[in-house]
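Undergrad: Handing you this structure, nothing more for now.
Rule-based calculations on the coordinates, nothing more; no lab input. Keep in mind that this is a model prediction, so the values were computed, not measured. Neighbour counts run over all protein chains shown; Cβ positions are idealised from the backbone, glycine included.
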Amino acid sequence: MAIDMNVFRGFAEQIKMLPQMAQPTDCPDGERVSRAKAVFREKLDRSKATYLESCVHCGLCAEACQFYIQTEDPKLTPIHKLDLLTRFYRREMAPMRFVYRLFEPDITAEDLEETQHLVYDSCTECGRCGVACPMGIDIASMVNVTRQGLAEAGLIPAGLRAVEQEQGSRGTVFGVGPEQLRGAVEALRAKGLDVPIDKDKADILVLSSTIDILLFKDVFEATVKVMNHLGVDWTIHSCAFEGANFGMLSGYEEVQRSASERITSQAIQLGAKVVIVPECGHAYPALRWEGANEHGEPLPFEVMAISEFLGREVAEGRLHLEPIGRKKHVTYHDPCKVGRHGGVFKEPRAVLDALDLRRTEMPKNRLNNFCCGGGAGLFVMEGATEMRNAAFDLKRMQVEETGAESIVTACGSCRVNLMAGADRTQWPMPVESLVELVGSHLKKPAD
Amino acid sequence: MGFGDFVDGPFWYFSLAVFVVGVSWRLYGMLSLASHVDLSAARGSAATGALKANLVRFFPRSALGKLLRLPVVAGYLFHVGLFALLFFAAPHVDFYRERITGFGWSAMPTWAFILASEAAFLGLMLLVLHRMMHPVTRTISRRGDYIGSWLIFIVMLTGCLALARTYEPLRILHFFTAELLLIYFPFSSLMHTFSFPFSRGFNGAHYGRRGVPA
């Protein structure tokens, strides 16, 4: 199903209005600094301390960063983005702090503000630098710690802050809540689809996301078709359907925990064995890798990205697909948070192969894949436009080298960013959803 | 007590003590911090990931950037050369046997010493030049990175000068600069010599339990 580009552009315009909706977070400078420091102290554990102790400043991480590659601005070197955190660590936590304090200036409110651009607008936490580092320094995880410190200090960029505040206070994202979900469900029922919503018990809890309810309605519809086709006991729940977690993206842990716990408690109440995360990159680590930590104990259910779930169903012979044919030539874009941060590489490719289409990998793929440029909330940050565009240009070159006529991905944010870039540069390249491809090529039972 | 006796005696024991206590303290300090327990269900083996990372990260990931970049090649030259000199140069083997281990091992022949020296010098000089001239390394380098590099350079230079072992003051000068390096070591980024297996291990374990082939 083609996306109405006017609707898409309207959505993009709405995003531009976000900063005006953000509530101010006034705070004295000293208070900002002490709040940030408290977070840094709590979050810098054994592994992160070891990372900070091991850097030799070789600069190889720059070669891995899409933003450095595109701009050649040395300030965008990934390890440089940790300068604030490193200074805090060396002065206040390092074993040799009694010496370092003599040379290392204390961090100030101005330092926090200067770091905002580096860790929000100029980093998608894609993790490519951490894969390249010869010392094995996981830079992305510490960019996230820096974000958490800045968030506590009230320094989340306005666009991202607006959505985080909305999700934290009302539980909705872009105004999408239970009512809008029910509206989307009714629209599908009007098409003759059975949509089991708000069941008391179910084996599988399926999540969705605002982007799929508002914009990529084809994905929501396809998800329903696939689940019904598989004949499993599933439901979507109006109290816990939103997979997106703007607490995680902004670094504000209180909102991250509440958004995550809403899903976890609902899944437990349902007796769900599996929770399926929609095509939303960061929603996967938010629940799959951080959900249990926010909950305080292991989750009594399995968390799967929908691309991972589809791959498993194909591999185990339960999901049968109509072949599309080799005339369709696609390339697959790995969402960083699902691939490099989650290990889901082979499953979406298994699905594409089951569709029997022609698939060509980009020169940098799987673990080495370049981010779309909009990850970690950059797609709603007003100050990140230049960076997003630069990253898109790099991605476009990668796609063009494949000769593919379509990009397939399994992340709504990636899709938004790639479509926005294609629209901006008038690049006639469709950006398709993996689930939507599956939903429109389900083998009929009679076959 | 003359300067030579001081360098050979008290200052040697002092520098060795600073090195051992400093390195141990720094390792203890970072490894004794709390470790956040990950409650998520693992997808793969953390132990295998840690082991794998410790091996594969010796090699640059060519798929990420340009292969054979200057700092990579220079890094190999320097580290391999320095390792060979440190543990297989004949005077060093004698030193370890007499002052530390009580036993020795085969030293490398002179031609290998010359080769190792050239590799180490060339590698180090290229690394320092790269650090000073490339915008990225110039931006991210700290004063300590330069101090460490120059100290090593001076130690290697005095070591080569003292090679003939016929002029005692040069041996003492080399030993003195090596002692200064031992004192500086635990406070500097040279500490990566001991911390890298841990940082690679933590990162590898992280990816390993997530089933990411990093």
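Undergrad: Just checking chain A: which Cys have no other cysteine's beta-carbon under 4.7 Å?
TA: Isolated Cys, chain A: A:27, A:55, A:58, A:65, A:123, A:133, A:239, A:280.
Undergrad: At 7 Å along the Cα-to-beta-carbon direction for both residue A:113 and residue A:172, put a label point, then send me their distance in nm to one decimal.
TA: In this crude spin-label approximation the distance works out to 3.4 nm.
Undergrad: Follow-up. If you consider only alpha-carbon coordinates, what radius of gyration and Dmax does the stretch A:314-439 have, in Å?
TA: Calculated on Cα positions, Rg and Dmax stand at 14.4, 47 Å.
Undergrad: Could you tell me whether the stretch A:133-202 comes out rounded, prolate or oblate from its Cα gyration tensor? Rule is a ≥ b ≥ c as square roots of the eigenvalues, rounded for a/c under 1.5, then prolate if a/b exceeds b/c, otherwise oblate.
TA: Working: a/c = 3.43, a/b = 2.01, b/c = 1.71.
It is prolate, given that a/c is not under 1.5 and a/b is the larger ratio.
Undergrad: Rg and Dmax of the stretch A:349-397 over Cα atoms: what are they, in angstrom?
TA: 14.0, 41
Undergrad: Report the extension gain between residue A:230 and residue A:99 in nm, rounded to one decimal, defined as 0.36 nm multiplied by the number of residues separating them, less their alpha carbon distance.
TA: Details: separation 131, 0.36 × 131 = 47.16 nm, distance 6.35 nm.
Separation in residues times 0.36 nm, less the Cα-Cα distance, equals 40.8 nm.
Undergrad: Now, a different point. Please work out the FRET efficiency for the pair residue B:106 and residue B:76, using the Cβ-Cβ distance as r and a Förster radius of 22 Å; give the result to the nearest 0.05. Can you show the working numbers first?
TA: Working: r = 23 Å, r/R0 = 1.07.
Step by step, r from the Cβ atoms, then E = 0.40.
Undergrad: Viscosity 0.692 mPa s, temperature 37 °C: Stokes-Einstein D of chain A from its Kirkwood Cα radius, in µm² per second?
TA: Answer from the Stokes-Einstein relation: 146 µm²/s.
Undergrad: Apply 1/(1 + (r/R0)^6) to the Cβ-Cβ distance of residue B:37 and residue A:106, taking R0 = 35 Å, and write down the FRET efficiency to the nearest 0.05. Before the final figure, lay out the partial values.
TA: Details: r = 32 Å, r/R0 = 0.90.
Plugging the Cβ-Cβ distance into 1/(1 + (r/R0)^6) gives 0.65.
Undergrad: Is there a simple number for the mean count of other chain Cβ atoms within 10 Å of the Cβ of residues in A:293-304, and what is it?
TA: Values: counts 5, 1, 2, 1, 1, 4, 3, 0, 1, 1, 2, 0.
Going residue by residue through A:293-304 and averaging, the value is 2.
Undergrad: Is the shape of the stretch A:295-344 best called rounded, prolate or oblate, per the rule: a/c under 1.5 gives rounded, else a/b larger than b/c gives prolate, else oblate, with a ≥ b ≥ c the square roots of the Cα gyration tensor eigenvalues?
TA: Values: a/c = 4.61, a/b = 1.66, b/c = 2.77.
Taking the square roots of the gyration eigenvalues as a ≥ b ≥ c, the stretch A:295-344 is oblate.
Undergrad: Mind pulling up the Rg/Rh value for the stretch B:1-155? Radius of gyration and Kirkwood radius, both on Cα.
TA: With Rg and the Kirkwood Rh in hand, the quotient comes to 1.04.
Undergrad: Is the shape of the stretch A:1-106 rounded, prolate or oblate, going by the alpha carbon gyration tensor and its root eigenvalues a ≥ b ≥ c, with a/c under 1.5 for rounded and a/b larger than b/c for prolate?
TA: The shape class here is oblate.
Undergrad: Continuing with this model, one more query. Per-residue HN-Hα couplings for the stretch A:191-202, Karplus 6.51 cos²θ - 1.76 cosθ + 1.60 at θ = phi - 60°, whole Hz, x for Gly and Pro?
TA: 8, x, 8, 8, 10, x, 10, 6, 5, 6, 9, 6
Undergrad: Separation between the residue A:27 and residue A:45 pseudo-spin-labels, each 7 Å from Cα along Cα→Cβ, expressed in nm?
TA: Simple spin-label model gives 2.3 nm for this pair.
Undergrad: For the stretch A:208-243 and the stretch A:365-401, write down the distance between their C-alpha centroids in whole Å.
TA: Their Cα centres are 26 Å away from one another.
Undergrad: So, one more: A 18 angstrom limit on the alpha carbon distance is what I want to check against. Which of A:37/A:75; A:191/A:225; A:225/A:444; A:364/A:395; A:225/A:443; A:337/A:364 exceed it?
TA: Values: A:37/A:75 23 Å; A:191/A:225 11 Å; A:225/A:444 12 Å; A:364/A:395 9 Å; A:225/A:443 11 Å; A:337/A:364 16 Å.
Correct reply: A:37/A:75.
Undergrad: Moving on. Just flag the chymotrypsin sites (Phe, Trp or Tyr not before Pro) in the stretch B:118-209 sitting in loop per DSSP whose Cβ has no more than 16 other Cβ atoms within 10 Å.
TA: The qualifying sites are B:167.
Undergrad: May I pose another question? For the pair residue B:150 and residue B:114, how long in nm is the line joining their label points, each one 7 Å along Cα→Cβ?
TA: Going by the 7 Å Cα→Cβ label model, 3.1 nm.
Undergrad: If one computes the Cα centroid of the stretch B:69-148 and of the stretch A:1-45, what distance in Å separates the two points?
TA: Spelled out, the Cα-based centre of one part sits 47 Å from the other.
Undergrad: Something else about it: Counting Lys and Arg as +1 and Asp and Glu as -1, what is the net charge of the other residues whose Cβ lies under 10 Å from the Cβ of residue A:327? Mind showing how you got there, number by number?
TA: Values: positive: A:326, A:328, A:358; negative: A:405.
Taking every Cβ under 10 Å from that of residue A:327, the sum is +2.
Undergrad: Restricting to Cα pairs below 8 Å that are 6+ residues apart, what does the relative contact order work out to for the stretch A:28-187? Please round to a whole percent.
TA: 30 percent
Undergrad: Restricting to chain A, what percent of DSSP beta bridges are antiparallel, rounded to 5? Working shown, then result.
TA: On the way: 2 of 22 bridges.
In chain A, DSSP labels about 10 percent of beta bridges as antiparallel.
Undergrad: Here's a follow-up. Out of residues 5 or more away from residue A:208 or on other chains, whose amide H comes under 5 Å of its own, with H placed 1.01 Å from N in the peptide plane?
TA: Sorted by chain and number, the residues that satisfy this are A:242, A:243.
Undergrad: Would you work out the relative contact order for chain A, in percent, from Cα pairs under 8 angstrom that are 6 or more residues apart?
TA: Details: 785 pairs, mean separation 74.4, N = 447.
For chain A, the relative contact order is 17 percent.
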